[in-house]
Structures are given as C-alpha cells and as structure tokens.
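**Q** Starting off with a structure, shown below.
Every number here is computed from the coordinates shown, using simple stated rules; none is lab data. It should be emphasised that the depicted structure is a prediction, and the values quoted were computed from it without experimental measurement. Glycine also receives a Cβ, built like all others from the backbone with ideal geometry; neighbour counts cover every protein chain displayed.
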Amino acid sequence: MRILEGEKVTKYFGGLAAISNVDFHVDQGEIVGLIGPNGAGKTTLFNLISAAITLNSGVIRFKDRKISGLKAYQICRTGVARTFQSVKVFGNMPVLGNVLLGSFFGTSTGMSSADATREAMESLEFVGLSAMRGTPAKDLTLANQKRLEVARALATRPELLLLDELIAGLNATETAQAMELVTKIRDRGITILMIEHVMKAIMSVCNRIMVLHHGEKIAEGTPKEIANNQTVIEVYLGK
Amino acid sequence: MDITKVTSKRLFLPGIIFFFLAVLALFYPLYAPAYYVIQLTAIFMYIVLTMSWVIFSGPTGYISLAPAAFFGVGIYTSAVLGKALSLPIVICAGGLVSFCLALLVGALTLRLRGIYFAIFTFGLVELIKQLLLYWEINITHTRGRFVILVSNNTIYYVMLAILAILLITAYIIRRSKYGLALQSIGEDEEAAAHTGINITALKTVIFAVSAIFIGATGAIMATRWTYIDPYIAFNPLFSFMPVLMAIFGGMGQFYGPIIGATIFAYLEEVLITRFPYYYMLIFGLILIISILFLPNGLVGLLQKWRKGDLAKQDENP
C-alpha cells in the first residue's frame, strides 16, 4: 500500500526549478533513501512534503488523502513527522520539554498531561536519552541532539518519518548506532523516507533508493540497481 | 512522580509570601495615607503593564511596542462609556476592545519577525493617536474628553483585582503546555510548526489575551486623570516602560518582572519628587548601568549569588 505519493511535484525558486515534475511514492513499512549531489533538491522535496514551503504545481497525497496545501502543523498531526538537516532542537529547554511538545501538540487527537508525559518518556527511552531528560538540549552532543529530534518526531506518533541527514557529522560508532535506530523505528511499523550522503549507510538499510539530480528524478530502484546504474555513477563521478 | 513533589516544595515559600502580601494589600488603604495608596496603585499599574507584556514577549522573543496602543484604547473606552455605564462594565469593555484590537493586529502582523514586528507595533500607537486626532479635529470639533471621577480607594481595589487575575493567568499560561509551546516558538519557530503547534493561532490568541489586562488597566487609570486627549492616552512611554522594567527585573523567573516593575515604579516616584530636574538623567543612568552589568536583570544577579552559595551542594536544576 502506498502511504505517500507525489505527482508531478514542482517548485520554482525564482526562475530556477528546484524540483520539477517529480513523481514519487513510498510504500507502507519500507525505508526509502533519497540521494543526490548537493543542490539536487532533496531537502526542498522534504520541505514540500512537510509544508515548510508550498509547491507551485503537482499534488502530494498521504494515505490517499491530499496533503499539499495543508499547514505544517496539520501535516504533522496527520502523521508525517520530520527532522532537520541542521539540528533544530529547543536548546534552552530540557530534553523532556522538547519531546513533550511533540506529544502535546503533534498527535492527531491531543492528550492529557499524564499521557503526554508517558508518551514523551517512552520516546526518550526508545532513543536512549531518558537519563538526560533534565539536561538543556543545547548541552547535548550533536549525535544526541539528533536522537532528540528523532524522539520529538516519534512523540507525535507518526506513520511516516522524514529523516534529513541523520548521520551527517557523526563518527563511525555513532553512525552505526544511528542506523540501528533507523531499523528499530521501522520495526515499530513506521515508514521512513531518509536523505543521506553516506552511501555505505544508506545501501545497508534502505529497501529502495531514489536519486535526484538538478531537481529531477533520474533513477529509482533497489540499492544494488542504483549502485550499478550508469546515469547515477556519471552524476556522482562525472563522465 | 518526583517532579511534582519538587515543584510543590519550591512553591511553598513563595506561596506563603504571596498570601501575606495579598492580605497586606487588601487592608492597606484602610490604614495608609492617601498619597501612599495612590503610589501603590501606580506600582500595580506598572506591574500589570510589565507582566502582560512578558506573557507574550517574554517566551516568544517578539518585542511588542504596542502596550501604549492597548492602554490608550482602554483609556478612550473609559472616557467614552464612563458616563453611560457602570464602572465594572466600563473596565470589562476596555479589556474587550483591547482584546479585539490585538486579535486583529496579531492576525495581520505576527508573521513579521524581529525588528519589523517591533516597528509595526510601535507604528500602531502612532496610527491610532493620529486617527483620533483627525477625528476630534475634523468631525467632533473637540479636543480631548473628560473622564468620570472615581475615588482613590476604588481605583486601588480595581487595580489590585486586575493584578491578581493577571498573575494567576500568567502563572497558568507559563506552567501549561501553551507556555512550553510559546517558548519553543521563541527558540525555533520552524521546528515548533513541524512539531504540530499551530503557531499563528497560538501567538495571536496569547497576544490578544495579554492585551485584555492592559486595556482594563487603561480604563480604570483613566479616571485618575479627569481629562484625557490622544497625546495623554497614547503616550509612547507606556510602550517602553514595560520592556525596560521586564529587562531590569529579568525574565528568567516568574517574579522577575514583578520585582523589576516594583522597583522601577518606586524609583520613578522618588526621583520625580526629590530631583525633578535631574530625574530623567538619573533614570537613564540607572538603566544603562543595569543593562551593561545585569544582562539577566535583578533575578539573574540573585541567582548568581544563590549559585555561589550552593556551589558545593548538588543542585537540582
């Protein structure tokens, strides 16, 4: 079943087409990788799905319901959560406060204070940050701040999670842990669409990979197919 | 849970202090001379202006210079309706009109950020002032209005009531999930929106709620001046004072702005009576010194001292 579907999605920045006529889909329960050189439009596509920016034409559907045109907070409440390329945690707030906001405001139904706290603690437990719940978020390491962003997103009870460069800037051990977290999230039944530059990581966890270049989709397939795709190799290495 | 235990323990002492202050305030006019009652009323007014400002601008970081507009609207509401309606209704009307104005302005302008928002809100004060002047000169052919007289003690008790309701409201908002959401807006608006917070609605509503108290204060304080015109009602000082008092007191703690406003208002009174010619100069100097050396306000200073004392102990943040 298709959980997310985009049809002829187009976004212009001035005269430049950041995303042009891109069709894409994500099936329930998979991990889909989104790759491409810098400036290919990966984050723009994320911003369009999560309604950080509005698209010029095309349509995006989530569970067969049109979500393009909704506001960012509504997208979150329908079940699409995201993290950011440059970490955006609420630095002066304790770790628990960050996650509480997700469970208070991000779920479709809203919850009581006790339920929200339990939900937030569960998310923190899941990503392994429960011991630091009282620490201001700005005092965490980069790897932990990224985990916190994931916990905040999970607290909104998403069905689809958009991860924007979860492992950029992490060392080898942290990368391995982050990839483990990604599969753990998928095992909970949450579908994942992730942008990543580290090929080794993305090849190992993704069921399917989409390649963007200059705002157009140039390839799509299993990791193996993508690794042997002539166009993709040319784009990355030059002819 | 252990968290609730800690907060109730921490609330105990301030709670008792507040209770005693409230009882003291309640019986104050029965024993104190009229001058001191008026002085305390002025202090209450400044606390209300400052705390209302802090409810919205404190956590979100949106510097609003609109308090003078809401204050002036309250004053004019009182002047227009004062003769026809009873005092409680006039005061509620002052709050309501301010609320509506803030709702309208908020919906239009809260997408502006930083300095643009500050300038727009300040422009609002001037805009309403000029509109009223135009109206009075060209249409009603009057200048200013007389306001009904109310006894000093009545003004005092009304201000006390507004202050009490405001403090309770501010405390509830600060402790609620909406307080947390306001803080997240101040830290990163984009992330807040993607966490499911309807930032536009939240900002607009809280901005409007904070304006109720300023409008109501304007409506009751108008009765102290007997005559008002647009220049008196829309004095830009009422926009700047709350900001300065909040910074002076420090916004990190709930009681910071209260302390700031109290000391500032008292200082103003003392300086005006003792040094009528130099008071603005001294006032300015104190302000510059406090901003240079107390970036977190008086509360920041207090916390520094306490941290110094507790340095060796294991402190629970």
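**Q** Report the local net charge at residue A:82: Lys and Arg +1, Asp and Glu -1, summed over other residues whose C-beta lies under 12 Å from its C-beta.
**A** Local charge sum for residue A:82: -2.
**Q** Still on this model: Determine the relative contact order of the stretch A:89-157: mean sequence separation of Cα pairs under 8 Å and six or more apart, normalised by residue count, in whole percent.
**A** Rounded, it is 50 percent for the stretch A:89-157.
**Q** May I pose another question? Under the Karplus relation 6.51 cos²θ - 1.76 cosθ + 1.60, θ = phi - 60°, what is the ordered set of whole-Hz ³J(HN,Hα) values for the stretch B:89-98, x standing for Gly and Pro?
**A** 5, 4, 5, 4, 4, x, x, 5, 4, 4
**Q** Oh, and also: Amide H to amide H, which residues 5 or more places from residue A:19 or on other chains are under 5 Å from it, using H placed in the peptide plane?
**A** For residue A:19, the qualifying residues are A:11.
**Q** While we're here: Give me the distance between the Cα centres of the stretch A:115-145 and the stretch B:26-73, rounded to whole Å.
**A** After rounding, the separation between the Cα centres reads 39 Å.
**Q** Tilt of helix B:237-249 relative to the longest C-alpha principal axis of chain B, in degrees (0 to 90, nearest 10)?
**A** That helix lies at roughly 20 degrees to the long axis.
**Q** Then there's this: Leaving out same-chain residues fewer than 8 places away, which aspartates and glutamates sit with a Cα under 12 Å from that of residue B:203?
**A** Qualifying aspartates and glutamates at Cα under 12 Å: B:189.
**Q** In the stretch A:1-103, what trypsin sites (Lys or Arg not before Pro) fall in a loop by DSSP, with at most 15 other Cβ atoms inside 10 Å?
**A** Listed in order of number, the matching sites are A:71.
**Q** Provide the per-residue ³J(HN,Hα) series for the stretch A:93-107, in order, calculated from phi with Karplus coefficients 6.51, -1.76, 1.60 and θ = phi - 60°, each as a whole number of Hz, with x at glycine and proline positions.
**A** Taking θ as phi minus 60°, the curve returns 9, x, 3, 4, x, 3, 6, 4, 4, x, 6, 5, 10, x, 7 Hz for the stretch A:93-107.
**Q** Cα extents of the stretch A:1-107 along the three principal axes, largest first, in whole Å?
**A** 42, 31, 25
**Q** Which whole-angstrom value gives the distance between the alpha carbon centres of the stretch B:214-246 and the stretch B:150-173?
**A** Their Cα centres are 16 Å away from one another.
**Q** Cβ neighbours within 10 Å, averaged per peptide: list B:104-110, B:270-276 in order, most packed at the top.
**A** Descending mean neighbour count gives B:104-110, B:270-276.
**Q** If you don't mind, another one. Determine which lysines satisfy two conditions relative to residue A:63: a Cα distance under 27 Å, and not lying fewer than 8 residues away in the same chain.
**A** Candidates past the 8-residue exclusion: A:8, A:11, A:42, A:71, A:184, A:217.
**Q** OK, next. Mind listing the phi-derived Karplus ³J(HN,Hα) values for the stretch A:70-84, rounded to whole Hz, using 6.51, -1.76 and 1.60 with θ = phi - 60°, and x for any glycine or proline?
**A** Values per residue, Gly and Pro as x: 6, 7, 4, 5, 6, 4, 4, 6, 6, x, 10, 10, 9, 10, 10 Hz.
**Q** Using only Cα atoms and rounding to the nearest 10 degrees, what angle (0 to 90) does helix B:34-60 make with the longest principal axis of chain B?
**A** Roughly 60 degrees between the two axes.
**Q** What value, in deg cm²/dmol to 500, does the helix sum -39500 (n - 2.57) over DSSP H runs of n ≥ 4 give at 222 nm once divided by the residues of the protein assembly as shown?
**A** So the helix-based figure for the protein assembly as shown works out to -19500 deg cm²/dmol.
**Q** Something else about it: How big is the dipole moment of chain B about its Cα centre under a simple scheme where the beta carbon of each Lys and Arg is +1, that of each Asp and Glu is -1, and everything else is neutral? Debye, nearest 20, please.
**A** 340
**Q** Taking neighbour Cβ counts within 10 Å as the exposure measure, how do A:164, A:64, B:188, A:27 sort from fewest upward?
**A** A:64, A:27, B:188, A:164
**Q** Next question, about the same structure. Write down the Kirkwood hydrodynamic radius of chain A, to one decimal in angstroms, obtained as one divided by the mean of 1/r over all alpha carbon pairs.
**A** 18.2
**Q** On to the next question. Could you sort B:19-32, A:28-41 so that the peptide with the highest average Cβ count within 10 Å comes first and the rest follow in order?
**A** A:28-41, B:19-32
**Q** Still on this structure, I have one more. Around residue B:290, under 15 Å between beta carbons, what's the net of Lys plus Arg minus Asp minus Glu among the other residues?
**A** The answer is 0.
**Q** Now a separate question. Among residues other than residue B:69 whose Cβ falls under 11 Å from its Cβ, what is the net charge (Lys/Arg +1, Asp/Glu -1)?
**A** Once all neighbours under 11 Å are counted, the net charge is 0.
**Q** How many Cβ atoms of partner chains, on average, are near each residue of A:71-84 if near means within 10 Å of its Cβ?
**A** The mean count of partner-chain Cβ atoms within 10 Å per residue comes to 4.
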